[in-house]
Every structure is written in C-alpha cells, then in structure tokens.
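Remarks on the structure that follows.
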Amino acid sequence: MPTDVLATLTATPLFAVGLTLAAFLVGSALFNRLKQPSWLPAILIAALLLAGALALIGMPYATYQQGAAWLTVLLGPATVALGMPLYQQLPRIRALWRPLAVCLPISAALATFYALGIAWLMGSPGQILASIAAKSVTAPIAIGITEQLGGNVALLMGALLVTGVVTIPCVSLCARVLHIDDERIIGFALGLNGHAIGTVRAFELSHTAGAFASLGMSLTGIFTALLLPLAWELIGVGSG
Amino acid sequence: MPALNGLLWLISYWLIGEVVIHFSGLPISSGVVGMLLMGVTLSVIGRVPSSISAAAQPLIGLLAMLIMPGVVGVFFILDELAGQWLAILVALSLGTLLSVVTTLWLLKRLMGHHAH
C-alpha cells in the first residue's frame, strides 16, 4: 500500500479500531466454521489475522496500539461487568467457599511457581522470568505486576496468549483423565489458569462455568498481585 | 437507553476502583475492585437491574476482542527474544499443564461430597 494512503488512514484511530473489529469477526467466523476447536481458540485465529494484516500493510505496532487504545479502554468497564455473573452465581459459590478458599492460594501460587521453575532450570535470565511470572493473571492486573517486577510487557502479553490458549485443551484433557464433569470445577480451573481467555471459553461451555471462571480469574489476579511482588523481593529472583 | 445507563454504572464503578486504589495503594487493578464492588452492590439490591445487564452482557462477550490489541504485540518482539523461545514456551505450556492438573485434582478432592 502506498505510504501516503496508509499515513492518511492511520491518522485516525478508527483504522486500528476497524482492523481489530474485522480480525475479531473473521476470527470468530472461522472458529465457528471449524466447529469450535478447543486447541485453536477464536482469539488466537483473530490475533494471527491481525498480526498478518499489520505486517502486510506495514503498519508499525506502536501506531496500531495507539489507535486501538480507543477500544481497549473498554477493558475497564468490561472487567467491572464480570461482577454480574459473579453475583448471579453467588449462592453456588457460597456453598463451596471452603474448598475454593483452600484451592485458590495453592493453585495460584503453583501456576506461577511451575512456570518460573521450569524457565529457571532451562536457564532463562531474570528479565524473562519477571516477564512471564504473571502468566495466569488477567491482563489489566498482570501488566501492573510485570511493571513492578521489571519485566517486559509485550512478552507478558505473549505469555498470556500462550498460557490462555494452552489452558483450554489442558483443562478438557485433564478433566477427561480425572473423570471430572462438574462445570464448577472446570470453570474455576479455566479462569484460575487461563485468565480472560479461559473465562471466555468457560462462558462458551455454560453460564455456571463462566461464573466460576470469573471468580477464579479475579481471585488469582488479586492473590498474585498482592503476594508475587513480595515473594519476588524475598526470594530475590529479580537480582539473579 | 438502558444499555447506556448501565455503561455509565460500569464506568462509575471502575472510576471508584481508581479512587480506592489511589488512596489504599493496593497493587491491584481498578477493574477488579470495581467488579467486586459491583458484586457486593448487586447482592445488596438483591437483583440485577436491567440496565446493568443490558451493558454487562455484550461487554463480557467482547472481552476476547478487547485484549486482542495487546496480545498481538508479541508477534512484533519475536526477533528480540531469539534463543529464549524454547525455554519460554516449555515453561508456559508445561507449567500450565501442571497447574491445571493441580487445580482440577485439588478442587475435586476438596469438594468431595459437594461434587455431583
């Protein structure tokens, strides 16, 4: 595309917004056409399409991101909106508060610990460890944590994508192996490990799974945000 | 316009979250504070006002699209991380598999008689 046309188009944030909407709609359509494969979530198809489109027209990512900010600002109210399914499922959540309260800190801590342990064993430097530590935390919280640890936010977003995408087939596979068909357990595991991507998947399964996923996602976010920076200081991983 | 009304509520709760964080210094996001406050408010009211659900339902459906612009950024730092990818990918996928197994197994055990 001639650069002057591109310059005219990218001068308005609507170009980036339109591109995002288009990639999302085409990605979702392809996802449905492929009969909703659990190993290839709609968001991965859409992200690949979007990255391909940006590379094709030669639009710098920073320019795109600036325009798309008009859209991503809605992430705030969308997160608040999750309070609604949370409230609707409150009686079912309350009935299970004890197992959930025990499971959450252990699982959320291990979600970080396993990944960091493996990366550390494979010789990843501290900067990389700081970038992937919040891999199971929902994006708006994870960005804050990563900045606090001194990690790279772009790498974090990639880690979120990989984690979210991997969580979905892992949960369906492990649930089958462990003979679990309780949507509450499956939803909670999807949200706790796979943050927003897992939660979106859980809502595709059922409203109950979605509500437990929202709960798992938000509790993991809060728990990790409060304790990870502290643990980081104590263990001194960042200095390594 | 119930949806617009509901959106104003969601935005207000997010802004309240900002204020709470500003004064408390909690290292969490205003979205999460707003979500928890929204959950508490709805349980106090005892029902979901139609305006809130008119705004919340479509926004929840769009969550995946809203995180997409950030996610795409990773494709543009691939070169910078040459040589690190194997360790990162193994750590993320194996780590996630392990933590998924842990969560499912642990919660199933803990729920015991609650499970149906």
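Odds and ends about this structure:
- Among the residues making up segment A:78-98, those that are assigned to a helix (DSSP H, G or I), facing chain B (nearest Cβ under 8 Å) and either open to solvent by 10 Å² or more (accessible area, probe 1.4 Å) or in contact (Cβ under 8 Å) with a residue 60 or more places away in the chain (or both) are A:Thr79, A:Pro85, A:Leu86, A:Tyr87, A:Gln88, A:Leu90, A:Ala95, A:Arg98.
- Residue match in segment A:65-72 (condition: open to solvent by 50 Å² or more (accessible area, probe 1.4 Å) and β-branched (Val, Ile, Thr)): no
Yes or no, residue by residue, for (1) within 19 Å of the chain's Cα centre (by Cα); (2) more than 7 Å from every other protein chain (Cβ to nearest Cβ); (3) outside any helix (DSSP H, G or I):
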position: B:Leu26; (1), (2), (3): yes, yes, yes
position: B:Gly34; (1), (2), (3): yes, no, no
position: B:Val44; (1), (2), (3): no, yes, no
position: B:Arg47; (1), (2), (3): no, yes, yes
position: B:Met65; (1), (2), (3): yes, no, no
position: B:Gly83; (1), (2), (3): no, yes, yes
position: B:Ile88; (1), (2), (3): no, no, no
position: B:Ala91; (1), (2), (3): no, no, no
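- A:Leu82, sole failed condition from (1) at pLDDT below 90; (2) outside the structural domain of A:Ser214 (by the TED database): (2)
- Complete set of residues in segment A:204-240 that are within 22 Å of B:Leu37 (Cβ to Cβ), within 8 Å of another protein chain (Cβ to nearest Cβ) and surrounded by fewer than 24 Cβ atoms within 10 Å (Cβ to Cβ): A:Ile222, A:Ala225, A:Leu226
- B:Trp14 open to solvent by 60 Å² or more (accessible area, probe 1.4 Å), part of a helix (DSSP H, G or I) and farther than 21 Å from A:Ile222 by Cα: no
- Subset of segment B:1-38 [among the small types (Gly, Ala, Ser) and more than 26 Å from A:Gln148 (Cβ to Cβ)]: B:Ala3, B:Gly6, B:Ser12
The values are calculated or read from the model by the stated rules, or taken from the named source; none is laboratory data. Owing to the predicted nature of the structure, the values given are computational and were not obtained by experimental measurement. As a convention, Cβ positions derive from the backbone with ideal geometry for all residues, glycine included, and neighbour counts pool all protein chains shown. Note: accessible area is taken over every heavy atom of the protein model, side chains too, but ligands, DNA and RNA are not part of it. Shrake-Rupley method; radii C 1.70, N 1.55, O 1.52, S 1.80 Å.
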